[in-house]
Each structure stands twice: as structure tokens, then as C-alpha cells.
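Accompanying notes for the structure given below.
What follows is calculated from the coordinates using simple rules that are stated; it is not laboratory data. Treat the numbers as computed from the prediction; the structure is a model and nothing was measured. Note that we place each Cβ from the backbone using ideal geometry, even for glycine, and neighbour counts take in every protein chain shown.
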Amino acid sequence: MESQSLDKETIKKLEIERFANAVSTSKRSLKEKVALTCRILFDHGHDSGLSGQITARQENGNYITQRLGLGFDEIHESNLLEVNQDLVVIEGYGIPNPANRFHSWIYHCRPDVQCIVHTHPYYTSALAMIGEPLVVAHMDSCILYDQVGFVPQWPGVPVGNSEGELIARELEGKKALLLANHGLVVAGKTVEEACVLALQFERSARLQVLAMSAGRIMQLDPVLAEEARNWTSQPSRITAQFEYYVRRHLKRVQS
């Protein structure tokens, strides 16, 4: 075995490069990815009636979002809206969720963010109700290690500028937030990343609730957790995961 003499860092570098070369670049449009993300999240328990928003920033600074009055499971490319940062509809029919205002604040403060997900899934909401921050303590959750902030006091319905300023400030340097008495916010560099992070956030919350009911949560070694985060957050891996969830969703609706 020729590779048995290689150190771990060299092996990781080689495997990351090999995986990146094996994963095809997504040819999906921004609208298609947003619509798929809405329906994928619905499949995984992120539905809460008409609550929650998903937005994706375009090159012109406007962003794509769903129409108020539709559930995540009803979202398709044809009924998405293009709005500006003041939530004025540029293209499409209907109006956006007024809570999208806090998305505008995040985009204004974070040029690296291209997609935002805000939902109220069950286990995330359970943690929010008891004021318990998300604990990343499993390898599968490490993509979120040291990336989740906590807002301990509910600021109310997030339709004003003060809520937007607060959420954007608390999200600084992070990829996600747990909002007390509310839900989650995820900010991704791509739609694919935001979708995967939101799915993993809720899965992590579920693991945490189950673990807390059974005993004491064992903390991760920070060095190893950071290593796992860097490994699982590679763009090629994010793309591959997103496409898996797409196939899984399409298989379900076509069966």
C-alpha cells in the first residue's frame, strides 16, 4: 500500500482534491435552487404554516424569496418573487413576507452571505423555548462547530429595523443563530450551503434534546471539532449533499 507512509494532513489534502474533481458543478438556476430548498426543508420538518423565509441574493443586489401566503411545499420557480432591499417587488406577483426586512440587514452587513434561511422546526424550537443554546457535540454536527450564536431574549416579530440590526449584529462572524422563543437563522455563501446548514441545525437540535433526556452531553475536543468542521464544510461536499437531498425529494414526489 503506497499511501501507508503518508501523514494525515497529506491524505486529507489529496482526498479533498479528489472529491472536488469528482463532483460536478451545479447547473441549476438560483430560482430553482431556492424553490428546491423550500421543498426540501418542508420534507425535513421546517414547515410552520406560513412562517419562515428563504432568500437568495442576486448579482444586482436584489434577492429572490417566496410569496407571502404560500407554504414551503408550494414553492416553485414560477411563484418566486424578486424584491429589493426595501421589499419592493421587482418581478413576480404578490408580496413578500414583511419579516424579510431582517434579511436585508444581514445582506447589508455581510457581503459574504448569499442565502438566508429562517425557519421554526420542532427540535430547534424546543431548544428556543427553554433558552438552551445549540450544543455541537457530534461529528455530524461539526459543520456548525463554533458557528452558532445565541440570542437569549426574543425581540418580538422581526418586521422592524431594530430587530434586523440586532440579528445582523449577533450573526457577525457566525453562520447561524438560535433565537430564543423563536427559531433558527442560517446565513450561507451559497444556497446549497444554507440548505445543508439548516438541515444540520435541526438534526443537531434533535440529537441534543435526545441526549439531554438521557444524560450529560460529552463535549468535543476543540482541535478535533475544528478539523471535522473544515472537512465537512468543503464546497464540493456541500454541493454533493444538496444534490442528494434534491434526488431524495424528487424521488418522493414522483413515487
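Data overview
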| quantity | calculated |
| --- | --- |
| Percent RCO, i.e. relative contact order, over the chain, from Cα pairs under 8 Å lying at least 6 residues apart | 21 percent |
| Pairwise centroid distance, computed over Cα atoms, of segment 206-255 with segment 178-201, Å | 12 Å |
| Projected label distance in nm at residue 15 and residue 161, using a 7 Å step from Cα toward the beta-carbon | 5.0 nm |
| Residue exposure sequence - 93, 63, 245 - by fewest surrounding Cβ within 10 Å | 93, 245, 63 |
| Pairwise centroid distance, computed over Cα atoms, of segment 114-176 with segment 27-102, Å | 19 Å |
| Sequence-distant residues sharing a close amide H with residue 150 (under 5 Å, placed H) | 178 |
| Formal net charge of residues neighbouring residue 192 (Cβ-Cβ distance under 11 Å; K, R +1; D, E -1) | +2 |
| Trypsin sites (Lys or Arg not before Pro) restricted to segment 224-255 and DSSP loop, no more than 10 other C-beta within 10 Å | none |
| Residue 189-residue 109 pseudo-label distance in nm [points 7 Å out on the Cα-to-Cβ vector] | 2.1 nm |
| Ellipticity estimate at 222 nm from DSSP helix runs (n ≥ 4, -39,500 (n - 2.57)) divided over the chain, nearest 500 | -14000 deg cm²/dmol |
| Formal net charge of residues neighbouring residue 166 (Cβ-Cβ distance under 13 Å; K, R +1; D, E -1) | -2 |
| Total formal charge among the other residues, if their Cβ is under 14 angstrom from that of residue 122, Lys/Arg +1 and Asp/Glu -1 | -1 |
